[in-house]
Each structure stands twice: as C-alpha cells, then as structure tokens.
Amino acid sequence: MVRALAVLPLLATAVCAGEIVAEVKDSRGAPVADAVVYATPLSGKAPQRPQPAVVAHQNQQFVPFVTAVQVGTLINLPNRDTVKHHAYSISPARKFDLPLYAGTPQAPLLFDKPGIVTIGCNIHDWMLAYVCVVETPFSALTGADGRAQLRGLAPGAYRVEVWQPRLKGQPSSYTQQASVGGAAAQVAFALELKPGFRPRRNPAAGDATYR
Amino acid sequence: MMRRLPRFRFRTVRGRLVGVFLSLLFALQAVTFLLVFRASRNHALRQIDARLAISLRIFQTIEKQRIRELNEQARLLAYDYGFKQAFGTSINDPPTMRLAMKNWRDRVGASFFVLVSLERKTLFDSENSARDGTPFDLPELVTVAEGADDGEARGLTLRDGNPYAVVLVPLLAPDLAAWICLGFRIDDAFVRELGAVTGQAVSILQHEGAWKLAATTLEADESAALTAALNRTPLAFDRASHLQLGRARYVSLLTPLALNNGRVAVLLQRNLDVELAQYDGLKFALIGVALAGLAISVVAAFRIARSLAQPVLRLAQDARRVELGDYSAHDGADLERPDEIGQLAQSFQKMTAGLAERDRVRDLLGKVASPAIATELLRREAALGGEERCVTVLFSDLRDFSAISERLPASEVVAMLNAYFSRMGEIVDAHGGVVDKYIGDALMALFGAPVNQPDHAARALDAALEMGAALDALNAQSFAAEIVQLGIGIHTDIVIAGNMGSPARHNYTVIGDGVNIASRLQSLTRRAEYDTRVIVSEATLRAAGPGYETRPLGEAFVKGKAQPVTIHALLGRSAATGND
C-alpha cells in the first residue's frame, strides 16, 4: 500500500506532465530539420538531469549531427570506424583535442558551459557535429518534418528557444513563450537561415584533374 | 579629234599611240599597285589585331591559372591545423596571432595576410595593425565568397594604391569561423614574365581618378608617354586601337582585370611598325614589279608605235614620189605583211601601177593627138557626140608631093615628111591650135576647138604665115632633096566638133560645110592665076579683124556648094600691127 502511495506522486506527475510541440520552418515555410528546441521554466529552476550522450565516429561521419544536452553532461566520442580519427573543437564552450585514436576514449568529456560546441575531425575535412549545451533538460531535435516534441514538462510558463546550425542571428531573437497545461502547447518558429557550405566528401574519381 | 586633248597636242600618230598606250598602261599599273598594296596592308593590320586578340586570351588564361594557384595555396593554408588552434586559443592574443600570420604569409610568399571576421571586420592585418578592428577594406571579396559554392573568391584589385592579386578562403574550424585573405602584389616582374611569354609589351594599369601605370615592360620614356596618352584620350575596353608613343606606334588592347570593373586593367601592345616591317618587303616587291612593268610598257609602246608608223611613213614617201612622177616600186617588205598594213601597201602598189598606166596612155594619146585633144578626150571620158562650134579650119598641103615621093627613096620621104610635120605641128601648137589629123602630106588643124578661143581666126592666119616662113627656112636648109612648096586654105565656119566614130575607135574632129570649104580653098592654091600659097575666106578675114595684108581674089565656086565663097590671098601682116 505504501509503495503504491509512493508511486502516486510519480503518477500524479505523469498524469500532470505537459508537452510542447514545436514546428520549425524557415522563412519560405519549408520545414527545418536538426533544430534544437528547448524550454526553460520561467519560474523556478529547471531540474538537473544531465544524461550521458555519445557522438560517435561512424562511416567517417559524426553521428548524430546535432546533439542537445544539459550543462554538466558527459559526452564520449567513440570511434566505430576501422580508421583512426582526430576529433577536436575550438569552440569557447568546450575546447578539446583528441589526437588520432581508435576505439573509445577512456574518459568522456564534460560539457559544463552553455553554448554551441562545433566538433570536427582534423584528417577528414567533411566531418562535422554540433553539441548544443543548454541550461534546461527539456530539449528536443526536429526531424525532417521540422517538428519536435518536448515531454515531461511541469505545468507552467516556459521560455521556448530554438537553435539551428545555420541559424542567422542569435537564439534570443527567436524566443517564444509557451504555457504548459492540459493540452500540448503549440509553438511555431520561422527561422532565417544562412546558406551553408561544407567541404564535399570524396568527390567522384576523375573530377580532379591536372589543369 | 585633236580638240579633245588641248594640252597634249601630239603632232605624230606615233606620238599619239605612245601617249595613249603609256597612259593606259600607267593607269593600269597604278591602280593594280594601289589595290594590291592596300589589300595587303589591310590584311597585315587584321593579322596584327588577330594576334593581339590571341595574346590577350593567352594572358587571361595565364592570369587565371596563376591566381588559381594562389587560391589553392591559400586553401591549404586555411586547413592548417596549427593555424586553427592558434585561431581558437590565441584570438585574444594579438602578438601571437600577428606573428603566426606573418609566418603563414611567408609560407606562400604573399604580400599580406588579413584575417576577417564573419561580420566583415578585419581581425588582424599582418602589415598594418592599425586596421585591426576596422571594417575589412575589400568587402566585395566576402560577398563573392558567400555566394560561391566553395566559399572562395579571387581576383585583381587595388589596395592602398597598388594592384594586388587577392584570394579569400574560408577558415573552416570545422565550420566557417572566419575569412582568410591573402594578397600578392603585382609588379614589373609579373608583367615581364607575361610579356616574354606573349612577345609583346604588357602593362598593368590602375585607375583612381586618372590612369596610372602599376607595372610595365615598356621603357621609361614610353611609359610616361603612355600614361599621358591614356589620360588624354581614354581607350575603349577590348577593342584594338593605335597609340603613338614617342616615335613608335603601338596596336593596343586594353581589358579590365579587377573584381570592381575598370579599376585595374591590363594593356597589351605590339609595335605596329615592327609588325608592318614584315610587309615592307612585299611593298617594295610590288613597287619593283610596277616599275619594271612600266619600263617594259614604255619600250613596248614605242616599238608598237614605230611598227605602225614606219610603214605609213614609207607609203607617204612613195606617194610623194608618185606625185613627182616616179612610179618605180618601193621595197616590198610591207607587201609581204598579212595585216592591214600589207593590204594598204598592196592597194597602193596597184593604184601606182594604174596611175602609171594612165600616164602612159595620156602620153600616148598626146602623141597621137595633140595634148589638148587628149586632155579633152580624157576629160569627157571619150564619149561619142559633138557640138556646134564656130571654128577656123586650116588645111595645108605639099604641092606635087606624089611626084616628089616617086623620085626619092621611101626612107628619105618619111624623114622629110616627119621633119615637115614636126615643124608644122610645133607652129600649130604654138598658136594654140590642134592638129586634127595628117592625111598623107596634108595637115588639118583646128583653131577654136576643143579649147575655146575667141581669136581662133587670127591664130590660124598667124600660124599659116609662120608655116610659110618655116617651110622657107627648111628649104634653105635643104631638108629635102628638092625645094618643096605648100598651099594653105583657111576658112571659118560653124561646124560640128566632137568625138566621131564608133565606141571602140573614134577621134576628135570636126565636120560640116566649113571643113569642105577650107579643103577646097587649099586646093585652089594650085591655080597659077591666084599666085599665092595661102588662101583665106572672107569669113575668116572678118573674124580675124584688121592687121592682115590681103589681096582679094574674087569669088570661087566650091564643089558641092551653090553659093560662091569670097576669097583672099594672105600676104602678111600689115605694118600697123607689126608685132611678133
């Protein structure tokens, strides 16, 4: 009986957990993928629930491309390829340098500052990953449909922000407010994106010739 | 015909021929020469323009390749891990950054290295730290790079008044973190290399208000002249034009190079005089050919003219000889010619023969009849017919001629007769009469026909008197073995005078009563009772007028005529007239 009662608050929380559904579009109305939508409660502090995350080298790409974590998260960068990689970042939020290695580094990296961390591989120019470190644990990534779902939110007012690797300007200029209650709160973002360019991976043989 | 060219009056056909030939040939030569010369010159100029255009394309290709190389060097530099680390860790440490940037600048041999923020601010300028923090002075490069697939930009531009080849590449760490700009100063070494490759004068020009030479292969005086010329009359882009620099002329092609059009340009030039010198050889050859052609034309013209004029002159000489009566044949060279000159010579020869023939006939005619009759016959074309004329007819006869001719040998008789007739004929001629015919020893003369003479009667009387005197003279010279006497009868009457006979054979004579009477009067001189050798009729005396001494002889009956004729003996001239 006591155990059942102990579950009650949990149940209550579960029953009372709200959702924010975000829809991210660009200035032309097309859905935007790989956008991080995060909500910070306006009153009180967000709970600290950093979960360890992984950004792996796989098929000479970083997987996932964008990761959203709370400040204080430990992230490891295992090398799942047969060739070595040299992961690095010069972002002020987290500088690191992992010279050529194979397998999984012994110690994961602690991301203890909010901000955007851009990760690259020194010997594979096209490899790129982003880690979006935010204060709140409530964050989600949009898929190809441009939609993200934030779950487990206590009712109340939230500041909802968005970031995307090609975002023009600062996230603060896109801030919205949402009220979590019974039904899922709907938030829509219209982002201005910069045209991005990335080094091409392994151009087809024969493209590069003597000129 | 001569009026057409009043200034050039050639008096000879030869001169005219030569003149016409030479004018035509000279005009032809001159026109040909000018046309060919102009065509070859235009061709030369087009060739030069074409070569210049090719040179420009070569230059543009070389320049593109060169700057692509610089671009690639800059890209490699941008991927340098050490620089990325420096950028990440020392961005707030200017001394470290600046020194590192100088190091990397020297790796590729650039003139400057500028690090530009994404907001287009100069983060660090390797050459001029005063620029740090100011807006980047070549923002157009960033604009181009942002729009490019590979995020790179390159071109030629002006910076601090100097031309540079600049490249802008992204610093990917690993995504776009900043822009790296490298610049390479363009100077004489660059254009010298290009000039050597393309074989022409190359200049880099910059325009900031006025044209200025940034680099050139020209010599100092020519480059000064070039700057002045360009600022005086601006050249159009991408069109070949001619520029005079000092003593040399250049075909010039100006083309813009820079990102910002028109501020930096390259000028390619070829020395026009040097290029055209190749065609000078052709020009002199043309002149030579023209002059040689002209010389040949002159010689040919003279020879043709002479070959035409000479035969004409020869014919003219022959004509003159013919005029003077010389019908002898001239040299037959011209006769052999198959052309018109030959035909002319042949016709001339036939004409000469005809003239000679006619002369002979006339001569003969003149001998057979008197020259006056001959002329009259020829004049009237010897047509049959006659006309009534009043003439005086004179008959003369040698008395007892038959008896004398029996006594003398035939040859002596003929000699005597010829001597007699010659003399008598002369006298008749001298008095303007014509000997109509000789009948044996008789002579019939006409006065007043065929040539009209108003004083024909007086002439006949004078002739008769002189004939008598001449015979006396002949007798005195013993022209015959014996003394011969003559009798003369003269009568004036209207007769028919003209060509009598058949068309094939005729002579000029007179017929009528008057002729018979004159003959009868002549035979009357035999009569001793008249005692005279010249009997004239009343009609004649009346026609002749005063001045003649006569003795009337009464009337005589003439056979066949009913009326008698009053006759007189002619004694001589009366003293009153007395002239010889």
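Within the range A:56-103, the set of residues being among the charged types (D, E, K, R) and out of contact with any Lys or Arg (no Cβ under 9 Å at 6 or more places or on another chain) comprises A:80, A:81, A:84, A:95, A:97. On the stretch given as the range B:234-280, residues that are part of a loop (DSSP other than H, G, I, E, B), of a type in the set (Asp, Glu) and more than 21 Å from residue B:58 (Cα to Cα) total 0. Scanning the range B:43-61 for residues that are more than 14 Å from chain A (Cβ to nearest Cβ) and within 26 Å of residue B:163 (Cβ to Cβ) yields B:51, B:52, B:53, B:54, B:55, B:56, B:57, B:58, B:59, B:60. Within the range B:489-523, the only residue that satisfies the criterion of being part of a loop (DSSP other than H, G, I, E, B) and among the basic types (Lys, Arg) is B:505.
So that you can scan it fast, the table gives a plain yes or no per residue for (1) of a type in the set (Gly, Ala, Ser); (2) modelled with pLDDT under 85; (3) exposed (fewer than 11 other Cβ atoms within 10 Å of the Cβ); (4) in contact with a helix residue (DSSP H, G or I) (Cβ under 7 Å, 6 or more places away or on another chain):
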position: B:306; (1), (2), (3), (4): no, yes, no, yes
position: B:310; (1), (2), (3), (4): no, yes, no, no
position: B:333; (1), (2), (3), (4): yes, yes, no, no
position: B:353; (1), (2), (3), (4): yes, no, no, no
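Of all residues in the range B:209-226, how many are assigned to a loop (DSSP other than H, G, I, E, B), surrounded by 15 or more Cβ atoms within 10 Å (Cβ to Cβ) and of a type outside the set (A, V, I, L, M)? The qualifying residues number 1.
With respect to residue B:555, determine if the residue is within 25 Å of residue B:398 (Cβ to Cβ) and without any contact (Cβ under 8 Å) to a residue 60 or more places away in the chain. Answer is no for this residue. Of the residues B:401, B:447, which single one is touching a His at 6+ places or on another chain (Cβ under 7 Å) and of a type in the set (A, V, I, L, M, F, W, C)? B:447 is the lone residue from the list that is touching a His at 6+ places or on another chain (Cβ under 7 Å) and of a type in the set (A, V, I, L, M, F, W, C). Confirm whether residue B:69 is in contact (Cβ under 8 Å) with a residue 60 or more places away in the chain and either out of contact with any helix residue (DSSP H, G or I) (no Cβ under 6 Å at 6 or more places or on another chain) or not in a strand (DSSP E or B) (or both). No; evaluated as a whole, the condition is false for this residue. The set of residues from the range B:298-319 being without any contact (Cβ under 8 Å) to a residue 40 or more places away in the chain and either touching a His at 6+ places or on another chain (Cβ under 7 Å) or over 17 Å from residue B:25 (Cα atoms) (or both) comprises B:307, B:310, B:311, B:313, B:314, B:315, B:316, B:317, B:318, B:319. All conditions but one from (1) touching a residue at least 24 places away in the same chain (Cβ under 8 Å); (2) within 19 Å of residue B:54 (Cβ to Cβ); (3) charged (D, E, K, R) apply to residue B:239; the one that does not is (1). Cβ-Cβ distances below 6 Å connect the following pairs, each with a first residue in the range B:476-488 that is more than 17 Å from residue B:406 (Cβ to Cβ) and in a loop (DSSP other than H, G, I, E, B), a second residue that is among the small types (Gly, Ala, Ser) and modelled with pLDDT of 80 or more, and a separation of six or more residues or different chains: B:479/B:419. Residues in the range B:428-450 that are buried (at least 16 other Cβ atoms within 10 Å of the Cβ), of a type outside the set (Asp, Glu) and under 19 Å from residue B:389 (Cβ atoms): 13 in all. The criterion of at least 2 residues that are within 14 Å of chain A (Cβ to nearest Cβ) and of a type in the set (A, V, I, L, M) is met, among strands (runs of 3 or more DSSP E) falling completely within the range B:103-208, by B:162-172, B:176-185.
In a residue-by-residue description of the range A:103-118, the property of being at pLDDT 95 or above, surrounded by 14 or more Cβ atoms within 10 Å (Cβ to Cβ) and within 17 Å of residue A:24 (Cβ to Cβ) applies to at least one position. Scanning the range B:204-224 for residues being over 57 Å from the mean Cα position of the chain (by Cα) and more than 23 Å from residue B:157 (Cβ to Cβ) gives a total of 1.
Which one is nearest to the other protein chains (Cβ to nearest Cβ), of the residues in the range A:122-131 that are part of a strand (DSSP E or B) and in contact with a Phe, Trp or Tyr (Cβ under 6 Å, 6 or more places away or on another chain)? For the range A:122-131, the residue satisfying everything is A:127. Those residues that are within 17 Å of residue B:156 (Cα to Cα) and either surrounded by 23 or more Cβ atoms within 10 Å (Cβ to Cβ) or acidic (Asp, Glu) (or both), I need them from the range B:194-203; list them, please. Within the range B:194-203, B:202, B:203 meet the criteria. Of all residue pairs spaced 6 or more apart or on separate chains, those with beta-carbon atoms under 7 Å, a first member in the range B:281-297 that is in a helix (DSSP H, G or I) and a second member that is among the small types (Gly, Ala, Ser) are B:282/B:40. As a summary of the residue check, residue B:64 satisfies the conditions (1) assigned to a helix (DSSP H, G or I); (2) surrounded by 14 or more Cβ atoms within 10 Å (Cβ to Cβ); (3) within 14 Å of chain A (Cβ to nearest Cβ) except for the one numbered (2).
List pairs: first in the range A:187-201 and away from chain B (no Cβ under 14 Å), second surrounded by fewer than 16 Cβ atoms within 10 Å (Cβ to Cβ) and not charged (D, E, K, R), Cβ under 7 Å, 6+ apart or cross-chain? Taking only residues 6 or more apart or on different chains, the pairs are A:190/A:27; A:192/A:27; A:192/A:169. For the range B:67-100, a residue qualifies if it is among the aromatic types (Phe, Trp, Tyr), buried (at least 20 other Cβ atoms within 10 Å of the Cβ) and farther than 22 Å from residue B:154 by Cβ, but none of them does.
Look at (1) loosely packed, with under 14 Cβ neighbours inside 10 Å; (2) at pLDDT 90 or above; (3) of a type outside the set (A, V, I, L, M, F, W, C) and you find that residue B:540 fails only one, number (1).
Looking at the range A:140-158, is at least one residue within 14 Å of chain B (Cβ to nearest Cβ) and among the aromatic types (Phe, Trp, Tyr)? Looking for residues that are within 14 Å of chain B (Cβ to nearest Cβ) and among the aromatic types (Phe, Trp, Tyr), one finds none in the range A:140-158, hence no.
Being closer than 23 Å to residue B:119 by Cα, within 14 Å of another protein chain (Cβ to nearest Cβ) and buried (at least 21 other Cβ atoms within 10 Å of the Cβ): is that true of residue A:164 here? Answer is yes for this residue.
The values are calculated or read from the model by the stated rules, or taken from the named source; none is laboratory data. Treat the numbers as computed from the prediction; the structure is a model and nothing was measured. Reconstructed Cβ throughout: ideal geometry from the backbone, glycine too, with neighbour counts over all protein chains shown.
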